[in-house]
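The values are calculated or read from the model by the stated rules, or taken from the named source; none is laboratory data. These numbers were taken from a predicted model, which means no experiment stands behind them. Neighbour counts run over all protein chains shown; Cβ positions are idealised from the backbone, glycine included. All accessible areas refer to the heavy atoms of the entire protein, side chains included, with ligands and DNA or RNA removed. Shrake-Rupley method; radii C 1.70, N 1.55, O 1.52, S 1.80 Å.
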Amino acid sequence: MVRERKLVDEVSGWLRVYDDGSVDRTWTGPPEMKFVAEPIPAHEEFVDGVAVKDIVVNKKSGLRARIYLPERKLDEHDKFPILLHFHGGGFCISEADWYMYYHMYTRLARSARVICVSAFLRRAPEHCLPAAVDDGYSTLLWLRSSAQELQEPWLKESGDFNRVFLIGDSSGANLVHEVAARAGKIDLNPLRLAGGIPIHPGFVRSKRSKSELEQPQSPFLTLDMVDKFLGFALPAGCTKDHPITCPMGSLAPPLEELNLPPLLLCIAENDLVIDTEMEYYEAMKKAKKEVELLISHGMGHSFYLNKIAVDLDPNTAAQTDNLIAGIKEFIKKH
């Protein structure tokens with residue numbers, strides 16, 4: 001007799017956890033939003049100026065990554081900077097091949113003239129933190145070995161290993177800080193970590209911030225998502241004051257002691273967690289770290305990943321353009 005599994009917990013629309021330990025990430029929210037979470041197959045031929053392929057970066061663990069390669073223009077002779085991307089999703093949902101990332105990172109590769117390498121990160125609750133950090137760091141080490149051995153054809157022919165940047169959105173932005181901190185302790189030669197671009201990082205504290213209590217919630221971030229995703233993701237017995245979710249807190253290594261590259265911190269004016277993002281910014285400045293601030297006015301968390309809003313709302317479209325332009329300018333400077 002087969003026992004029927006029982007629902008233990010869920011995050012509305014995004015994730016359901018059952019008593020047998022299984023996890024269902026089938027989208028059950030509004031049908032019109034379903035497409036953003038659909039996987040897009042890789043295509044090694046150029047489509048709208050970008051080719052995409054999936055590779056295994058660690059055969060032992062099975063860790064994979066997706067590479068976005070812009071089509072070279074006739075007057076382009078220099079190699080492309082490399083962006084190492086960490087996807088968001090509260091450490092619990094999202095994949096590197098989801099439509100919302102495909103749409104954003106093909107556009108960024110095409111506009112900023114960069115190669116993007118996006119890691120398929122392990123997710124909680126099956127894999128609690130620091131699993132996602134380990135995967136992000138492992139992908140960076142794979143890039144270093146690629147720089148040494150030049151085995152990956154796209155990177156060998158077109159990638160500038162002297163200009164490697166970390167970029168991540170939401171929980172992936174937390175990984176930008178964590179992976180950069182780890183990388184600052186080792187010799188990455190011949191790879192050079194030129195900068196980091198945390199976008200709307202999920203920096204929080206155990207005590208609710210003013211913005212968490214007052215800012216509007218969105219399909220990409222609600223208080224329920226913050227609480228439940230981090231409850232699934234953080235190690236047993238840990239609170240939101242954990243160093244991965246609160247790098248400016250007392251439990252984290254002092255920022256002054258970290259060897260970090262220049263950062264472009266991207267925040268949205270109406271983000272639920274803008275107060276703790278700004279606290280991180282002020283702490284970084286106090287620690288005399290090189291950090292720039294890019295603010296998207298009138299926008300909420302991860303607004304640029306919502307293609308419906310980008311297509312239909314002129315302000316969302318304009319702020320997305322500004323975000324991409326700011327990222328492009330930061331890369332040019334470093």
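A few comments on the model shown:
- Distant-in-sequence amide H partners of Glu292 (H built 1.01 Å from N, under 5 Å): Leu263, Leu264, Leu265
- Put a plus charge on the Cβ of each Lys and Arg, a minus charge on the Cβ of each Asp and Glu, and nothing anywhere else: the dipole of the chain about its Cα centre is then about 680 debye.
- Whole-Å distance, taken between Cα centres, linking the range 265-291 and the range 170-201: 16
- By average C-beta atoms within 10 angstrom, highest first, the peptides 18-24, 108-114: 108-114, 18-24
- Fraction of accessible area attributable to carbon and sulfur, the chain (%, probe 1.4 Å): 51
- The range 1-109 - Rg (one decimal) and Dmax (whole number), Cα, Å: 18.1, 68
- Equivalent ellipsoid semi-axes - Cα gyration tensor, the range 1-47, angstrom: 30, 15, 8
- Where the Cα pairs of the range 185-229 fall when distances are cut into 10 Å bins, in %: 18, 39, 16, 20, 6
- Calculated from backbone phi, Karplus (6.51, -1.76, 1.60) coupling profile of the range 255-268 in Hz, x at Gly/Pro: 4, 4, 8, 8, 9, 10, x, x, 10, 10, 8, 9, 10, 10
- Dimensions (Å) - the range 159-264, Cα atoms, principal axes, largest first: 45, 28, 23
- By average C-beta atoms within 10 angstrom, highest first, the peptides 254-264, 117-127: 117-127, 254-264
- Evaluated at q = 0.21, 0.25, 0.28 Å⁻¹: base-10 log I(q)/I(0), Debye formula over Cα of the range 227-269: -0.84, -0.95, -0.99
- Full-extension gain in nm, Asp321 to Ser145, via 0.36 nm per residue minus C-alpha separation: 60.0 nm
- Karplus 3J(HN,Hα) series, Hz, for the range 14-26 with 6.51 cos²θ - 1.76 cosθ + 1.60 (x for Gly, Pro): 9, 7, 9, 10, 10, 5, 8, x, 6, 10, 10, 10, 4
- Kyte-Doolittle at least -1.0, axis length at least 27 Å by Cα - qualifying DSSP helices, the chain: 314-333
- Prolate/oblate/rounded label for the chain (Cα gyration tensor, a/c 1.5): rounded
- In Å², nearest 10: area of Leu251 left accessible to a 1.4 Å probe: 110
- Divide the volume of the convex hull around the Cα atoms of the range 42-100 by the residue count and you get 116 Å³ per residue.
- Alpha-carbon Rg/Rh ratio, for the range 28-176, with Rh computed the Kirkwood way: 0.96
- Seen from every direction in turn and averaged, the convex hull around the alpha carbons of the range 69-128 projects onto 4.4 nm².
- With K and R counted +1 and D and E -1, the other residues having a Cβ less than 14 Å from that of Leu150 yield a net charge of -1.
- Accessible area per residue for the chain, computed on protein heavy atoms with a 1.4 Å probe, is 44 Å².
- Size of charge dipole - the range 283-334 - debye, nearest 20, with Cβ of Lys, Arg +1 and Asp, Glu -1, no other charges: 440
- Residues of type lysines that Lys328 reaches as a straight line, Cα spacing below 25 Å, ignoring anything fewer than 8 places off in the same chain: Lys53, Lys73, Lys79, Lys156, Lys285, Lys288, Lys289, Lys307
- Kirkwood hydrodynamic radius over Cα pairs of the range 235-334, then Stokes diffusion coefficient at 25 °C and 0.890 mPa s, in µm²/s: 162
- For Arg5, the shell of other residues with beta-carbons less than 14 Å away shows a net charge of -3, using +1 for Lys and Arg and -1 for Asp and Glu.
- Per principal axis, descending, Cα span of the range 102-166 in whole Å: 38, 30, 17
- For the range 87-95, the Karplus equation 6.51 cos²θ - 1.76 cosθ + 1.60, evaluated at θ = phi - 60°, returns couplings of 6, x, x, x, 6, 10, 10, 6, 9 Hz by residue, with Gly and Pro reported as x.
- Counting Lys and Arg as +1 and Asp and Glu as -1 over every other residue whose Cβ lies under 10 Å from the Cβ of Ile67, the net charge comes to -1.
- Amide H to amide H distances under 5 Å link Leu166 with Leu84, Gly195, Gly196, Ile197, where only residues 5 or more positions off or on other chains count and H is placed in the peptide plane.
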